[in-house]
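*Asks:* Please read through the structure below; I'll follow up with questions.
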Amino acid sequence: QVQLVESGGGLVQAGGSLRLSCTFSGRTGNLYTMAWFLQAPGKEREFVAATNWSGGMTRVGDDVEGRFTCSRDNTKNTVYLQMNSLKFQDTAVYYCAASTVSGAFFRSDQREYTYWGQGTQVTVSS
């Protein structure tokens, strides 16, 4: 009853930018925390960024501090991940996730997220 669909991934040169979008539909009124996770080949899934219901609170992981920002526009049913100064190490599949727990915003635990998109590939070339 909740669907998340990511878009915006692709191939970009190091130092470039991408903006990922995640549209959510269905029973979305209680999606109090939205987040982005990444998973590189052969590695565990990692937290990237999160935003609360209004979009007034955001946080990002240490590895992307100062480069990535997360935002949310509920009028468009969309969450964004603006990715600047991309590095080769950012190459991964990026997943949009949603949690019905507002406190999940303050943590980075993927187990607190009950809804997931299919992922979108981001490849950064050097």
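The values are calculated or read from the model by the stated rules, or taken from the named source; none is laboratory data. As the structure is a computational prediction, the values presented were derived from the model and not from experiment. Cβ: placed from backbone, ideal geometry, glycine included. Neighbour counts: every protein chain shown. Accessible surface is based on the protein model in full, side chains and every heavy atom, while ligands, DNA and RNA are left aside. Shrake-Rupley method; radii C 1.70, N 1.55, O 1.52, S 1.80 Å.
*Asks:* Could you say whether any residue in the range 3-24 is assigned to a loop (DSSP other than H, G, I, E, B) and of a type in the set (Lys, Arg)?
*Replies:* Scanning the range 3-24 turns up no residue that is assigned to a loop (DSSP other than H, G, I, E, B) and of a type in the set (Lys, Arg).
*Asks:* Now for a separate question. Considering only residues that are more than 19 Å from ASP109 (Cα to Cα) and surrounded by 15 or more Cβ atoms within 10 Å (Cβ to Cβ), which ones fall in the range 56-67?
*Replies:* ARG67
*Asks:* Taking the conditions exactly as written (in a loop (DSSP other than H, G, I, E, B), open to solvent by 50 Å² or more (accessible area, probe 1.4 Å) and under 16 Å from LEU4 (Cα atoms)), does LYS76 satisfy them or not?
*Replies:* Judged against the criteria, LYS76 is a match.
*Asks:* Next question, about the same structure. Taking only the range 25-44 into account, find how many residues are out of contact with any Lys or Arg (no Cβ under 9 Å at 6 or more places or on another chain), open to solvent by 30 Å² or more (accessible area, probe 1.4 Å) and assigned to a strand (DSSP E or B).
*Replies:* Total meeting the criteria: 2.
*Asks:* Before we move on, is GLN110 more than 10 Å from the chain's Cα centre (by Cα) and loosely packed, with under 14 Cβ neighbours inside 10 Å?
*Replies:* Judged against the criteria, GLN110 is not a match.
*Asks:* List the number of the failed condition for PHE68; all other conditions in (1) without any contact (Cβ under 8 Å) to a residue 40 or more places away in the chain; (2) farther than 24 Å from VAL12 by Cα; (3) aromatic (Phe, Trp, Tyr) hold.
*Replies:* Looking at each condition in turn, PHE68 falls short on (2).
*Asks:* Quick test of your reading of the structure: SER71 fulfils all but one of (1) open to solvent by less than 10 Å² (accessible area, probe 1.4 Å); (2) modelled with pLDDT of 95 or more. Name the failing condition by number.
*Replies:* (1)
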